[in-house]
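Scroll down for the structure; my scribbles are underneath it.
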Amino acid sequence: MNEFVETVVIGAGPIGIETAIEFQHRGIETRVFDAGPVGHTISWWAPQTRWFSSNDRIAIAGVPLHTIDQAKASREEYLNYLRTVVDQFQVPISTFHRVVSITPIESNQNGHAAASESLRRWRLGFSRSRGQNAAKQTPDYFLDANAVVLAIGGTDFPNRLGVPGEDLPHVDGYLREVHRYHGRRVLIIGGRNSAVEAAIRLHRGGAKVSLCYHREQLPEDGIKYWLRPEIEGLIRSGSVQSFFQSRVTEITEQTVTLETGGPDQKPQTHSLPFDDVLALIGYQQDSSLFRQLEIVSELPSGAPLYDPETMQTPREGIYVAGTAVGGTQSSKYQIFLENCHDHPAKIADHLCGERSSPADSKGATHQSHGNPERGNSARGDQGLRQRIELQPES
Ligand SMILES: Cc1cc2nc3c(=O)[nH]c(=O)nc-3n(C[C@H](O)[C@H](O)[C@H](O)COP(=O)(O)OP(=O)(O)OC[C@H]3O[C@@H](n4cnc5c(N)ncnc54)[C@H](O)[C@@H]3O)c2cc1C
C-alpha cells in the first residue's frame, strides 16, 4: 500500500506555497513536491534580476514583503522571502521530487477500489533524478492522494530556435551571472524583456553586445518602462549593435549566420564571429502531465481546461493553480503571479464544499468569497486584493 495524503500540490513556486498555506488554514492535509528547489523558476533567473510587479502584488499568504531599499524585489530577496514564508508556516515541501505520472486509482485496480480506499483517487509517480523532461523519466516512488493541484508554472524550457548549431555549448537559453560574459562578444537573440534586459546588463558588465530581432523595431508594449529608453539610447549610440529584421540561420563554434531583410527586400546573409549566443526568445510549459490527464485545451497556448470558479479540471480532484493555467504564454503574457492569488481560496472552497457535502458538490456553484469559515490567510488575501485594487500602476 502506498503512502496516502489528502491533497498533493505539485510545484513549490509562489502559488503552490500559497495554496498549501491556504489548505493548512482550512485543515486540509497537504504535501508539496517540486522538481527543483523552493521557487525553482525564480532560482534560474539571472542574479539580481528584479520583479516588474510591485512587492504587494507578489507577496503571498498575507505575509508582507519588504525590501531593504523599498524597491521591487530582486530574485535573491524574493527567494529569501519564500524560504521565510515556508519556514514560518512549516509548509511540508519535498524538493527535487518531479511528478512524472498521475493515474486514476480505479484504472490501476481494474475498477475495484475497496471502500477503505475510496479517498484514493489519484496515484502519483515521482522521479528523484535531476533530469528535466517529465515525459522521459520513470517513477521511483509512488504516493496516493484524493486531490492534486497542478501549480506547475508555465516556463519550464527555453524556446528553441530550430537552427543547426543551437545545441553547441556556447549557446544558452538562460542569462547567467553577468560576470562571466565580461570581455566577450555576445549575440543576444530576442526583443522582449529578457533579451533587452540581458543586452543592457551585459553591455554594462563589459561585454560586446549585439542584439538580433526579427521585427523592424522593438515592440511598442511589453518592455519594462525603465528598460526601453536605455536600450534605445544604447542602440542609437552604437554601444549595442542591433540587427533588426534579422534571423539566425546557423550557429557554429566561431560564427553565427544572420539573414537580414524585410519581406519586400532581397535577404542578405552575414557570417559574424561571436563567443556566446543567448537565445532569449521565451519559455515553454512542460505540459506532459496535462497531456497524460487529457485536460489540454485546443488553444494555441495548450492551456489546461478548467472551471474558473473552482479551478477544477474536467478530471475530478485535479485542480490547476497559478500561471500554469495560461499554458505556454508566448509573447503577450496575461497570467502573472499577481492575478493568481485567488486560486488557492477557490480550490480550498471547493474541497471544503466537497468534504461537507460530496453529493451536492458535483457541478455545484461554489462561493469563493465571504465564506465565514475562512481563516486568517483568507483575510490576508482580502487585504492583498484591496491593496492590489488600490495600486493599478503595475
Ligand atoms: C526574468 C523573469 C521576470 C519575471 N517577472 C515577473 C513579475 O514581475 N511579475 C510576475 O507576476 N511574474 C513574473 N515572471 C513570471 C514568474 O516567474 C511567475 O509569475 C511566477 O513564478 C509564477 O508562480 P507560479 O507559482 O504560478 O509558478 P512557478 O513559480 O513557475 O512555479 C512552478 C513550480 O512547479 C515546479 N514543477 C513544474 N513541473 C513539475 C513537476 N512535474 N513535478 C514537480 N514540480 C514541478 C517547478 O519546478 C516550479 O518550481 C517573471 C519571469 C521571468 C523569467
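Would you point out which residue out of LEU175, LEU161 is assigned to a loop (DSSP other than H, G, I, E, B) and either in the same structural domain as ARG291 (by TED's automatic domain parsing) or open to solvent by 40 Å² or more (accessible area, probe 1.4 Å) (or both)?
Values: LEU175 fails: either in the same structural domain as ARG291 (by TED's automatic domain parsing) or open to solvent by 40 Å² or more (accessible area, probe 1.4 Å) (or both).
Going through LEU175, LEU161 in turn, just one is assigned to a loop (DSSP other than H, G, I, E, B) and either in the same structural domain as ARG291 (by TED's automatic domain parsing) or open to solvent by 40 Å² or more (accessible area, probe 1.4 Å) (or both): LEU161.
Could you please find all residues in segment 33-78 being hydrophobic (A, V, I, L, M, F, W, C), within 18 Å of the chain's Cα centre (by Cα) and more than 11 Å from the ligand (Cβ to nearest atom)?
From segment 33-78, those hydrophobic (A, V, I, L, M, F, W, C) are 33, 35, 38, 42, 44-46, 51-52, 58-61, 63, 65, 68, 71, 73; that's our starting set.
Retained after the next criterion (residues that are within 18 Å of the chain's Cα centre (by Cα)): 33, 35, 38, 42, 44-46, 51-52, 58-60, 73.
Passing the criteria: only ALA59.
LYS362 - would you say it is of a type in the set (Lys, Arg) and modelled with pLDDT under 95?
yes
Is one or more of the residues making up segment 313-324 open to solvent by less than 60 Å² (accessible area, probe 1.4 Å), away from the ligand (no atom under 16 Å from the Cβ) and at pLDDT 95 or above?
Within segment 313-324, the first condition is being open to solvent by less than 60 Å² (accessible area, probe 1.4 Å), and the residues that meet it are 313, 317-324.
Filter once more, keeping what is away from the ligand (no atom under 16 Å from the Cβ): 317.
Then keep just the ones that are at pLDDT 95 or above; that gives 317.
There is at least one residue in segment 313-324 that is open to solvent by less than 60 Å² (accessible area, probe 1.4 Å), away from the ligand (no atom under 16 Å from the Cβ) and at pLDDT 95 or above.
Looking at (1) near the ligand (Cβ under 10 Å from one of its atoms); (2) open to solvent by less than 30 Å² (accessible area, probe 1.4 Å); (3) in a loop (DSSP other than H, G, I, E, B), which is the only condition VAL91 fails?
It fails just one condition, (1).
When GLY353 is evaluated against the numbered criteria (1) farther than 26 Å from SER101 by Cα; (2) in a helix (DSSP H, G or I); (3) within 16 Å of the ligand (Cβ to nearest atom), which criterion, by number, is the only one it fails?
Tallying (1) farther than 26 Å from SER101 by Cα; (2) in a helix (DSSP H, G or I); (3) within 16 Å of the ligand (Cβ to nearest atom), GLY353 fails exactly one: (3).
Within segment 33-64, take every residue that is charged (D, E, K, R) and outside any helix (DSSP H, G or I) and give me the one that is most open to solvent (accessible area, probe 1.4 Å). Spell out how you get there, then give the answer.
Going residue by residue through segment 33-64, those that are charged (D, E, K, R) are 34, 50, 56-57.
Keeping just the survivors that are outside any helix (DSSP H, G or I) gives 34, 50.
Values: ASP34: 15, ARG50: 85 Å².
Across segment 33-64, the extreme among qualifying residues is ARG50.
Any idea which of (1) within 16 Å of the ligand (Cβ to nearest atom); (2) out of contact with any Phe, Trp or Tyr (no Cβ under 9 Å at 6 or more places or on another chain) is the one LEU202 doesn't satisfy?
(2)
How many of the residues in segment 290-303 are open to solvent by less than 10 Å² (accessible area, probe 1.4 Å) and either in contact with a Pro (Cβ under 9 Å, 6 or more places away or on another chain) or among the hydroxyl-bearing types (Ser, Thr, Tyr) (or both)?
At the first step, the residues of segment 290-303 found to be open to solvent by less than 10 Å² (accessible area, probe 1.4 Å) are 290, 293, 295, 303.
Now restrict to residues that are either in contact with a Pro (Cβ under 9 Å, 6 or more places away or on another chain) or among the hydroxyl-bearing types (Ser, Thr, Tyr) (or both): 290, 293, 295.
The qualifying residues number 3.
What tally of residues in segment 153-179 results from selecting those that are without any contact (Cβ under 8 Å) to a residue 24 or more places away in the chain and over 26 Å from the mean Cα position of the chain (by Cα)? Spell out the reasoning first.
The initial filter retains those residues of segment 153-179 that are without any contact (Cβ under 8 Å) to a residue 24 or more places away in the chain, namely 162, 167, 169.
Among the residues that remain, those that are also over 26 Å from the mean Cα position of the chain (by Cα) are: none.
Looking only at that region, the number is 0.
Just name the residue that is farthest from the ligand (Cβ to nearest atom) out of those in segment 12-32 that are in a loop (DSSP other than H, G, I, E, B) and open to solvent by less than 10 Å² (accessible area, probe 1.4 Å).
ILE28
Taking the residues in segment 1-11 that are in a loop (DSSP other than H, G, I, E, B) and open to solvent by 30 Å² or more (accessible area, probe 1.4 Å) as candidates, determine which candidate is farthest from the ligand (Cβ to nearest atom). Please lay out each step first, then the result.
Of all residues in segment 1-11, those in a loop (DSSP other than H, G, I, E, B) come to 1-2, 11.
When the remaining residues are screened for being open to solvent by 30 Å² or more (accessible area, probe 1.4 Å), the result is 1-2.
Working: MET1: 23, ASN2: 17 Å.
The qualifying residue farthest from the ligand (Cβ to nearest atom) is MET1.
Going through segment 180-196 one residue at a time, which ones are open to solvent by 30 Å² or more (accessible area, probe 1.4 Å) and within 23 Å of the chain's Cα centre (by Cα)? Before you say what the answer is, go through the steps one by one.
Residues of segment 180-196 open to solvent by 30 Å² or more (accessible area, probe 1.4 Å): 180, 182-185, 192-194.
ARG192, ASN193, SER194, listed by residue number.
Of all residues in segment 14-55, which are in contact with a strand residue (DSSP E or B) (Cβ under 8 Å, 6 or more places away or on another chain) and acidic (Asp, Glu)?
Listed by number, the residues that qualify are GLU29, ASP34.
Out of all the residues in segment 68-78, is one or more out of contact with any strand residue (DSSP E or B) (no Cβ under 6 Å at 6 or more places or on another chain), more than 21 Å from ASP286 (Cβ to Cβ), open to solvent by less than 20 Å² (accessible area, probe 1.4 Å) and at pLDDT 95 or above?
The answer is yes, given that some residue of segment 68-78 is out of contact with any strand residue (DSSP E or B) (no Cβ under 6 Å at 6 or more places or on another chain), more than 21 Å from ASP286 (Cβ to Cβ), open to solvent by less than 20 Å² (accessible area, probe 1.4 Å) and at pLDDT 95 or above.
Output yes when any residue across segment 273-289 is in the same structural domain as ILE347 (by TED's automatic domain parsing), free of Cβ contacts under 8 Å to residues at least 60 places away in the same chain and open to solvent by 10 Å² or more (accessible area, probe 1.4 Å), and no when none is.
yes
The values are calculated or read from the model by the stated rules, or taken from the named source; none is laboratory data. From a predicted model like this one, the values you see are computed outputs, not experimental measurements. As a convention, Cβ positions derive from the backbone with ideal geometry for all residues, glycine included, and neighbour counts pool all protein chains shown. Note: areas computed on protein heavy atoms with side chains; ligands, DNA, RNA excluded. Shrake-Rupley method; radii C 1.70, N 1.55, O 1.52, S 1.80 Å.
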